[in-house]
1. Quick one: pull the percentage of alpha-carbon pairs in the stretch 120-210 with a separation above 16 Å.
2. Looking at the stretch 45-260 from every direction and averaging, what is the projected area of its Cα convex hull in nm²?
3. Cβ neighbours within 10 Å, averaged per peptide: list 49-56, 133-140, 103-110, 38-45 in order, most packed at the top.
4. Work out how far the C-alpha atoms of the stretch 89-170 reach from end to end along every principal axis, then list the three figures in whole Å, largest first.
5. With the convex hull built on the Cα atoms of the stretch 164-206, state its orientation-averaged projected area in nm².
6. I need the peptides 195-201, 158-164 ranked by packing, meaning the mean over residues of other C-beta atoms within 10 angstrom, with the highest value on top.
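No value in this document is a laboratory result; all are computed from the given coordinates. Remember, predicted model here, so these are calculated numbers, not experimental data. Here the Cβ positions follow ideal geometry from the backbone for every residue, glycine too, while neighbour counts run over all protein chains shown.
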Amino acid sequence: MKVSRWVPVGLILLLAGAFVLYRHGRSLWHPVYRRIRGRRTVAEVLERYAPGREAGLQQHFDRAGVAYPPARIALLVFKAEKHLELWAEKEGAWVHVRTYPVLAASGHAGPKLREGDRQVPEGVYRVIWLNPNSSYHLSMKINYPNSYDRAKAREEGRTDLGGDIFIHGGAVSIGCVAIGDTAIEELFSLVAKIGRSNVEVIIVPNDIRAGRPARTHPTNPPWTSELHEEIRRALKPFEKNSSGQGHPAGEVQRKIGGSAIHPRGITNPF
């Protein structure tokens, strides 16, 4: 039987379409898959992923000279460089453990101002929820808008600030930080183990440590430079020395947005 020469072309197009849908249309097909699979609990997710992911993560902690699990961690997200740094506290100092690539983060330099602006927020945040049923595999919600975001919105008369900002798996994002499935499995397991209250998240337009200037955008509000200077002070304990270790946590005591910084680390000021 003679096969039309268009059949191979059709198969290639079909496979290409399926691949694009899988990579970029997850919000369309994943809810259907989730309904078929059923909802998961955090405990079920940890039972499945934590043993393998923690074993790999512990190797990074061993190389950094930090006991696992740590008491506290910080996640530093650098938008322009497209990476996320994991730091852990060791004997009163912050130590860099490893760096993950950020696979997607929409928008430009500057804070998030309103629903639908596609911006990844900038500031100092906390993890407030672990979502085992994310459309992007697993996710960790941060507390945007925080008090700083809300205060600036009140000053400017903005009311629809948006929300639901997550660090999640996958490679597609609108206003969130996508780090891939393997990376989110590691961090989800780690945060679940040490507790959300022991995690800080600092999101920056670019790496402004060591006096580097902050990137801006023509649409940024006039108070953006004030925000970036406050973030710069929050990043001070995470400036690496030659050993990859940051400043002693007790070395810096300052104020950010009116909140004192405890000698043992960062108190969320926003």
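1. On the way: 2333 of 4095 pairs.
Tail of P(r) above 16 Å: 57 percent of Cα pairs.
2. Details: hull surface 45.9 nm².
Hull-based average projected area comes out at 11.5 nm².
3. Values: 49-56: 15.1, 133-140: 22.1, 103-110: 19.4, 38-45: 12.8.
So the peptides 49-56, 133-140, 103-110, 38-45, ranked by packing, come out 133-140, 103-110, 49-56, 38-45.
4. Ordered largest first, the stretch 89-170 gives principal extents of 43, 35, 24 Å.
5. Values: hull surface 14.3 nm².
Mean orientational projected area (the stretch 164-206, Cα hull): 3.6 nm².
6. Values: 195-201: 16.9, 158-164: 14.0.
Most protected by this proxy first, the peptides run 195-201, 158-164.
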